[in-house]
1. Rounded to a whole number, what % of the accessible area of the range 25-161 do carbon and sulfur atoms account for, probe 1.4 Å?
2. By accessible area of protein heavy atoms, probe 1.4 Å, what ranking do Asp144, Asp115 get, highest first?
3. With a 1.4 Å probe and every protein chain left in place, work out the accessible area per residue of the range 24-69 in Å², rounded to a whole number.
4. Could you give the nm distance between label points at Leu96 and Leu17, where each point is 7 Å from its Cα heading toward the beta carbon?
5. With all protein chains present and a 1.4 Å probe, how do Thr98, Thr46, Thr116 order by accessible area, largest first?
6. From Cα pairs below 8 angstrom and at least 6 apart in sequence, can you work out the relative contact order of the chain, rounded to a whole percent?
7. I'd like the accessible area for Trp150, computed on protein heavy atoms only with a 1.4 Å probe and all protein chains in place. Round to 10 Å², please.
8. At most 16 other C-beta atoms within 10 Å and a DSSP loop state: those are the exposed GluC sites (Glu not before Pro) I care about. Give me the longest piece of the chain that has none.
Amino acid sequence: MPTLTSQASPTDFDFMLGEWRVTHRRLSSRLAGCTEWTEFQGTSSTRKILGGCGNVEDNVLNFPEGEVKAAALRSFNQDSQEWAIWWLDGRAPHHLDTPVVGRFSGAVGTFFARDTWEGKPITVRFTWRKNPGKNPVWEQAFSDDEGRSWETNWVMEFVRQ
């Protein structure tokens, strides 16, 4: 996983504070050569926690098969100058996903974790694009070859409410 060297800050995610409408595009099948995408809508609300060194993003995802509530929890480590991001899906309310860890370099944040997908080891990458003057975008990608190639499998575009 790449090492990022830019200065990080507890204010890195301040661009996400507030209320959002979200357009989701999700690959129908992951790591299977699939090219079919499913699009659906949702909402998101982000507020600071931990005295400003973290935030929580409360989400409603309107999947074609029904509504799902989920949350992203982010915390900033002052010592390592890195963010950790956890995902909690309302369909599995006692399971936090493996956190992705990283930081921003300019307007782009990149975060990584080692995890598994359908029993296979993978690397997960989250990419946040602040897109100043435009809508923020989040992408999730998986790699099953130690990061030599990536499959983007989920994209979210945020529009402020």
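The values are calculated or read from the model by the stated rules, or taken from the named source; none is laboratory data. The shown structure was predicted, so the numbers you read here are calculated from the model rather than taken from an experiment. We place every Cβ from the backbone using ideal geometry, glycine too, and count neighbours over all the protein chains shown. The protein model used for the area step is the full one, side chains on, heavy atoms only, and it has no ligands, DNA or RNA in it. Shrake-Rupley method; radii C 1.70, N 1.55, O 1.52, S 1.80 Å.
1. Numbers: 3600 of 7270 Å².
Carbon with sulfur: 50 percent of the solvent-accessible area.
2. Values: Asp144 75, Asp115 50 Å².
Descending accessible area places them as Asp144, Asp115.
3. Values: 2470 Å² over 46 residues.
It amounts to 54 Å² per residue over the range 24-69.
4. 2.3
5. On the way: Thr98 60, Thr46 10, Thr116 85 Å².
Highest to lowest solvent-accessible surface, that is Thr116, Thr98, Thr46.
6. Dividing the mean separation by the residue count of the chain yields 20 percent.
7. 80
8. Numbers: sites that count: Glu36, Glu65, Glu118, Glu146.
The reported range is 66-117.
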